[in-house]
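The values are calculated or read from the model by the stated rules, or taken from the named source; none is laboratory data. From a predicted model like this one, the values you see are computed outputs, not experimental measurements. All Cβ positions, glycine included, derive from the backbone under ideal geometry; neighbour counts span all protein chains shown. Protein only, heavy atoms only, side chains kept; ligands, DNA and RNA dropped before computing areas. Shrake-Rupley method; radii C 1.70, N 1.55, O 1.52, S 1.80 Å.
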Amino acid sequence: MSITPQSASEANHPDAIQQELDWILASEPIWSSCPDREIPWSASTEVRTAHAAEQLATQWAWHGEPRRLGRRFEELLSALLEEIDTVALLKHGLAIRSGTQTIGEIDYLLDTGSEVLHLEVALKFYAGMAAGRDRTRWHNWVGPSCQDRLDLKINHLNLHQLPLSQTAEAESALSTLGIQRPTDRLGLVFGYLLHPWQEPIVLPNQTHQSDLSYWCLHRDYADAFRAVTRPFGSDCGWRFIPRDRWIGPAAQAPDLSLIPRRLPRPEQADCYALIRKHGEHSEVLRMFVMPDQFAEQALQASTLKSET
């Protein structure tokens, strides 16, 4: 029986995958549990991202690509870590069990040469709610589904995921694999902080932003697109970015005008990148267009009690 590839998505072309890998390699996280510590791969000077991209493209073509962006990010990072000479990937996705019950999973165990590091990572997109300085508070940053918040993710990392490697159950699992108990732990949240288009930019406390992004309601998109493109004039245009290409910047020519006449209503969130028309078609910023009911739902989500 002949075997045919399972995926023909443009997102799974080696060039697109390499763009994602290069973005992960160069990007700073939104949040770090230890901001003074270098990211494990930051000291690497020669990383074969093209080789890793080819391998992932082949793997995903025959076996199917990850359906969730978070899982795609993990597979990208795993492939990247395999190509980095300054760290050794000891284990990815180690389930920790108490009897027959799984109590958690350790994302990555890395040998940095001087220690074993427990690394937890996440890819997130959070829209800022509330006005002015209130957006410095973590709970006012809500995911497009309104089921996730920045404060909940950080609390889960600090209170559940990072301490997991220090439990007796983890020690037993690590001993079985012949892996030393980690001597340090690091949690990183990558992704995009989406600012309300009509408000001054205010970052949540203890966070960092590399890639400029905004959000607007569908009913406001014409005014929002006009406002954020004003500094760039006719040198740029928009391009719709499918969800499976949200990781890393777009590098394709724009195919929409500065103020599109009509945009489809998003089911949850649609991403549009403002891209330079000339040169390498570099991405300038992003606009996430949300359903008209998003603001009300997200404000309700931001007031729900934190797990702390």
Whole-percent carbon and sulfur share, accessible surface of the chain, 1.4 Å
46
Computed about the Cα centre, the charge dipole of segment 226-285 from +1 Lys/Arg and -1 Asp/Glu charges at the Cβ has a magnitude in debye, to the nearest 20, of 280
Relative intensity, log₁₀ I(q)/I(0), of segment 90-204 from a Debye sum that treats every alpha carbon as a point, q = 0.10, 0.15, 0.17, 0.22 Å⁻¹:
-0.39, -0.72, -0.83, -1.10
In square angstrom, what is the accessible area per residue of segment 140-180 with a 1.4 angstrom probe?
44
Nearest 5 percent is fine: what portion of the DSSP beta bridges confined to the chain is antiparallel?
60
Near Lys277, which aspartates and glutamates are there with a Cα under 18 Å away, not counting those fewer than 8 places off in the same chain?
Asp235, Asp255
Here the net charge surrounding Asp184, from other residues whose Cβ is less than 9 Å away from its Cβ (Lys, Arg +1; Asp, Glu -1), is +1
Can you pull the three principal axis extents for the Cα set of segment 228-282, in Å, largest first?
31, 25, 17
Label-point separation in nm, Thr136 to His278, each point 7 Å along Cα→Cβ:
4.2
Just to verify a number: FRET efficiency for Ala222 and Arg181, C-beta to C-beta distance, R0 = 45 Å, to 0.05?
0.20
Can you list the equivalent-ellipsoid semi-axes of segment 136-199, largest first and in whole Å, using the square root of 5 times each Cα gyration tensor eigenvalue?
34, 11, 10
Please list 3J(HN,Hα) in residue order for segment 60-68, calculated via the Karplus relation 6.51 cos²θ - 1.76 cosθ + 1.60 where θ = phi - 60°; whole Hz, with x for glycine and proline.
6, 5, 8, 10, x, 7, x, 7, 9
Between Leu90 and residues 5 or more places away or on another chain, which pairs have amide H atoms under 5 Å apart, with H built 1.01 Å from N, and which residues are they?
Leu109, Leu110, Asp111
Among Leu159, Ala301, Leu110 the positive-end extreme of the charge dipole of the chain (Cβ point charges)
Ala301
For segment 282-288, take each phi angle, set θ = phi - 60°, evaluate the Karplus expression 6.51 cos²θ - 1.76 cosθ + 1.60, and give the result in whole Hz per residue in order, putting x for glycine and proline.
6, 7, 9, 6, 10, 10, 9
Each label point is 7 Å from the Cα along the Cα-to-Cβ direction; what then is the distance between the points at Asn158 and Ser9, in nm?
3.4
Label-point gap, in nm, between Leu299 and Ala168 - each point 7 angstrom along Cα→Cβ:
5.0
Quick one: what are the phi-derived ³J(HN,Hα) couplings along segment 289-299, Karplus 6.51/-1.76/1.60 with θ = phi - 60°, whole Hz, x for glycine and proline?
8, 9, x, 4, 8, 4, 4, 5, 5, 5, 5
Roll a 1.4 Å probe over the protein chains and send me the accessible area per residue for segment 25-110 in Å².
52
Which residue, Arg133, Arg185, Arg286, has the most motion in a Gaussian network model of the chain that connects Cα atoms within less than 10 Å?
Arg133
Can you find, among Leu69, Ala53, Pro14, the residue sitting farthest towards the positive end of the charge dipole of segment 13-163, where Lys and Arg contribute +1 and Asp and Glu -1 at Cβ?
Leu69
Cα-based shape type of segment 213-308, given that a ≥ b ≥ c are square roots of the gyration tensor eigenvalues and the cut on a/c is 1.5
prolate
At 37 °C and 0.692 mPa s, grab the translational diffusion coefficient of the chain from Stokes-Einstein with a Kirkwood Rh over Cα pairs, rounded to a whole number in µm² per second.
157
Might you report the magnitude of the Cβ-based charge dipole of the chain about its Cα centre, with Lys and Arg at +1 and Asp and Glu at -1, to the nearest 20 debye?
1080
Taking a ≥ b ≥ c as the square roots of the Cα gyration tensor eigenvalues, with a/c under 1.5 meaning rounded and otherwise prolate when a/b beats b/c, else oblate, which class fits segment 1-123?
oblate
In nanometres, the difference between 0.36 nm per residue of separation and the alpha-carbon distance of Arg97 and Leu263 is 55.0 nm
Got a sec? Charge dipole of the chain, +1 on Cβ for Lys and Arg, -1 for Asp and Glu; which of Ala173, Pro231, Val189 is way out at the positive end?
Pro231
